[in-house]
Amino acid sequence: MALPAASDRRPTSFLRRTQTRQTMLVWCFLAPSLLIFLLYRILPLAWNVVLSFQAWSPLRPAVFIGLDNYEEMLTDDVFWQSLWNTVFIILSAPVGIALALGLALLVNSNISGRNVYRTLIFLSYPLMTVAVAIIWRWMYDERVGLLNYVARLLHLTDTPIPFLNSFVWALPSVVVANIWQMLGFYMIILLTGLQNIPSSLFEAAEIDGATASDRFWRITLPLLRPSIFLCFVIGMLNSVTSFDLVYVMTGGGPGRATEILVTYIYKLGFVQTRFDYAAAVTVVFFVFLIAVAWAANRLSGGNAGARDME
């Protein structure tokens, strides 16, 4: 058996050393980010999972209690009310995305002043959430609110509507404020997706006799699927973490009408000092978010957001 010549071994060894150096260089660049992610994400999450199986507070040592915190959750009416309110807010995300899609189609057409419209629609997103909550709290106010003023001016109602103090209107009022803030951001994402669709597809479909409705359902909507999925994931995360919006507008009230899981977890931990039970609710909340994201990905085709390698 003939041994490879020294000249054949040198390129192979050189390539291996080059690949090793490149791999080490990549890991060196990734190491700081991975370390921060480990310290601030993975370790707190792992400690939270451990804490959910314990009875613990700052004034007493931790005791392993198994699934007691999770069993308590089954009979906790506030937890179920908060979960339902969270689901309700998540389900409002498609409404905002549908409105943003209509606006994106409008400002993507050849209308005059479309750049001004884009700017005006997007202005709500950079505002701080606390500022958005204060603006909408004033608009919903019973005595000096703009909505009640307009409603009485148009003779739609004789008595002011207590939007934020009503068990019926409080949660939808918060949802409207949340959609208004995110509408411009959704529109920008969808507008980018629309402008990435080749115009030749629409021209070919038009030559083949496809109507505007056909072009929308068979070209625009399928090719916008990754953008819509991205909007939904961002909207879902924004909805379930709308702590400041809910807390400033209603504080979770009246009663528990606008309580969502994130505000309930905060009150359990920092008002009632029940960190162990709050940890259990957080774990369920985390699993719930993963399930919703997985379901959204499946509904959008299973590979939304994936990049074509061809």
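Evaluating 6.51 cos²θ - 1.76 cosθ + 1.60 at θ = phi - 60° for every residue in the stretch 117-126, the Karplus couplings come out as 4, 4, 5, 5, 5, 7, 4, 5, 6, x Hz, glycine and proline recorded as x.
For Ile65 and Val95, what does the FRET efficiency come to when R0 = 45 Å and r is the distance between their Cβ atoms, rounded to the nearest 0.05? Result of the calculation: an efficiency of 0.60.
Residues in the stretch 225-239 carry Karplus couplings, in order, of 3, x, 5, 5, 4, 4, 4, 5, 5, 5, x, 5, 5, 5, 5 Hz; the curve used is 6.51 cos²θ - 1.76 cosθ + 1.60 with θ = phi - 60°, and Gly or Pro positions show x.
Per residue, the chain exposes 62 Å² of solvent-accessible protein surface, assessed with a 1.4 angstrom probe and all protein chains in place. Please state the relative contact order of the stretch 24-118 as a whole percent: Cα pairs under 8 Å, 6+ residues apart? With pairs under 8 Å counted, the relative contact order is 11 percent.
For Ala62, the amide hydrogen comes within under 5 Å of no other amide hydrogen, counting only partners 5 or more places away or on other chains and with H modelled in the peptide plane.
Between the alpha-carbon centers of the stretch 216-237 and the stretch 23-63, tell me the distance in whole angstrom. Centre-to-centre distance over Cα atoms comes out at 33 Å. Other residues within the sphere of radius under 15 Å centred on the Cβ of Val281, judged by their own Cβ, net out at -4 (K and R +1, D and E -1).
Note on the chain: Rg/Rh from Cα positions, Kirkwood definition for Rh, rounded to two decimals, is 1.11. Let me check I've understood the local charge: for Ser82, count other residues with C-beta under 13 angstrom from its C-beta, Lys and Arg +1, Asp and Glu -1. What total comes out? Here the charged neighbours net out to -1. Within a Cβ distance under 14 Å of Leu245, other residues only, what is the Lys/Arg minus Asp/Glu net charge? Overall, the nearby charge balance is -1.
The Ile197 and Asn115 beta-carbon pair, evaluated with R₀ = 30 Å, returns a calculated FRET efficiency of approximately 0.90.
Each peptide in 165-171, 201-207 receives the mean, over its residues, of other Cβ atoms within 10 Å, and ordering these scores from highest gives 165-171, 201-207. Between Ala291 and Leu30, the distance separating the two model label sites (each 7 Å from Cα on the Cα→Cβ line) works out to 3.2 nm. Restricting the calculation to Cα atoms, the stretch 128-176 yields a radius of gyration followed by a Dmax of 10.9, 34 Å. Note on the stretch 193-291: Cα-Cα pairs beyond 18 Å make up 63% of the total pair count.
Normalised by the number of residues in the stretch 187-260, the mean separation of alpha-carbon contacts (under 8 Å, six or more apart) gives a relative contact order of 27 percent.
The values are calculated or read from the model by the stated rules, or taken from the named source; none is laboratory data. Just so it is clear, the model here is predicted, and its values are computed rather than measured. We place every Cβ from the backbone using ideal geometry, glycine too, and count neighbours over all the protein chains shown. Each accessible area value is taken on the protein alone, full model and side chains, heavy atoms only, with ligands, DNA and RNA left out. Shrake-Rupley method; radii C 1.70, N 1.55, O 1.52, S 1.80 Å.
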